[in-house]
Amino acid sequence: MPEIAGQVVLITGAKGGLGSSVTRACLDAGATVAGTSRSIANADFAHPHFAAVPADLSDPAAAQHLVDTVIQSLGRIDSLIHVAGGFAGGAPIHQTDEATWDSMMNLNARAAFHILRAVIPPMRKAGTGRIVAIGSRAGVQPAVNISAYSASKAALVSLVQTAALENRDAGITANAILPGTIDTQANRKFDPTAGGETWIAPERLAALALFLISDAAAQITGAAIPVYGAQL
Ligand SMILES: NC(=O)c1ccc[n+]([C@@H]2O[C@H](COP(=O)([O-])OP(=O)(O)OC[C@H]3O[C@@H](n4cnc5c(N)ncnc54)[C@H](OP(=O)(O)O)[C@@H]3O)[C@@H](O)[C@H]2O)c1
């Protein structure tokens, strides 16, 4: 298990299909977790080292308030694991409406911009920090009928790699993980007949995120790491 005991980790989307695995893995590894989403509560993870801090990341002031609150209550943020995001699609570009485009850009690109902008200054001040964001295969390999999703995840990868460049002299690493379809309850519910055996196990993505925030990964930055498994 990567050595992250004692870290303060801010996890966005902490109670989602993937986020709950990431949160549990961090807690099991001895980290203190500030978990955020719009509806999160302390009861979602009954653990003495878990603190729920609800926030809507599409609101820049809320993202800043989230970071300020975590630093005030837990003293610092060693690592950010940005899991929050979402999916919409099903039509080609010429049939994609403004609402779909806006929701994907807000949830996957703008929210990432807001949380990165809020978390980088205290990390720079501390002279250390780890940023991991969950992108998607679609962010580097677009597919038909998911243009808004693909473009928003491409923007996320670009933001993370820019954060890596801008902060390479400040002790901060920033990396993106690009999963294929993940074996979540929501995906199984959506398509119970689909091949769960080829889907990516959330626990494996969580293990990679933990490695990236551990000291062992101190020189890995600016990476966009594909995790496609048998979907390759
Ligand atoms: N599932 C897949 O197959 C798959 C594949 C590739 C990449 N991904 C990416 O992996 C990540 C996790 O996916 P998932 O399937 O675990 O998603 P999920 O179950 O839908 O979880 C998304 C999380 O984000 C939070 N969230 C949504 N909107 C938010 C907002 N405006 N502000 C703050 N939090 C917000 C949700 O909680 P609240 O509703 O309480 O806010 C929830 O905790 C996403 O970035 C997704 O794009 C997923």
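The table below lists the values:
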{"item": "Inter-centroid distance (Cα atoms) of segment 69-129 relative to segment 14-51, Å", "result": "17"}
{"item": "Signed unit charges on C-beta, dipole axis of the chain, positive-most listed residue THR221, ALA186, ALA29", "result": "THR221"}
{"item": "Label-point separation, HIS94 to ALA46 (7 Å along Cα→Cβ), nm", "result": "5.6"}
{"item": "Solvent-accessible area of VAL140 with every protein chain in place, 1.4 Å probe, in Å² to the nearest 10", "result": "70"}
{"item": "In Å, descending, principal axis extents of the Cα set of segment 81-120", "result": "38, 15, 11"}
{"item": "Sequence of TRP101, TRP199 from largest to smallest accessible area, 1.4 Å probe", "result": "TRP101, TRP199"}
{"item": "Rounded accessible area per residue of the chain, 1.4 Å, Å²", "result": "48"}
{"item": "Kirkwood Rh and Cα Rg combined as Rg over Rh, evaluated for segment 105-160", "result": "1.08"}
{"item": "Debye, to nearest 20: dipole size of segment 8-231, +1 on Lys, Arg Cβ, -1 on Asp, Glu Cβ", "result": "240"}
{"item": "Distance histogram for the chain (every C-alpha pair counted, 5 angstrom bins, percent rounded to whole numbers)", "result": "1, 7, 15, 19, 22, 17, 11, 5, 2, 0, 0"}
{"item": "Å³ per residue enclosed by the Cα convex hull of segment 1-131", "result": "116"}
{"item": "Semi-axes of the equivalent ellipsoid for segment 27-79, Cα gyration tensor, largest first, Å", "result": "19, 14, 8"}
{"item": "Rg ratio (alpha-carbon, reference 2.2 N^0.38 Å) - segment 148-226", "result": "1.30"}
{"item": "At R0 = 22 Å, FRET efficiency that the Cβ-Cβ distance of ARG76 and GLN185 yields, to 0.05", "result": "0.10"}
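The values are calculated or read from the model by the stated rules, or taken from the named source; none is laboratory data. Fair warning: this is a prediction, and the values are worked out from it, not measured in the lab. Cβ sites come from the backbone with ideal geometry, for glycine too, and all protein chains shown count toward neighbours. Each accessible area value is taken on the protein alone, full model and side chains, heavy atoms only, with ligands, DNA and RNA left out. Shrake-Rupley method; radii C 1.70, N 1.55, O 1.52, S 1.80 Å.
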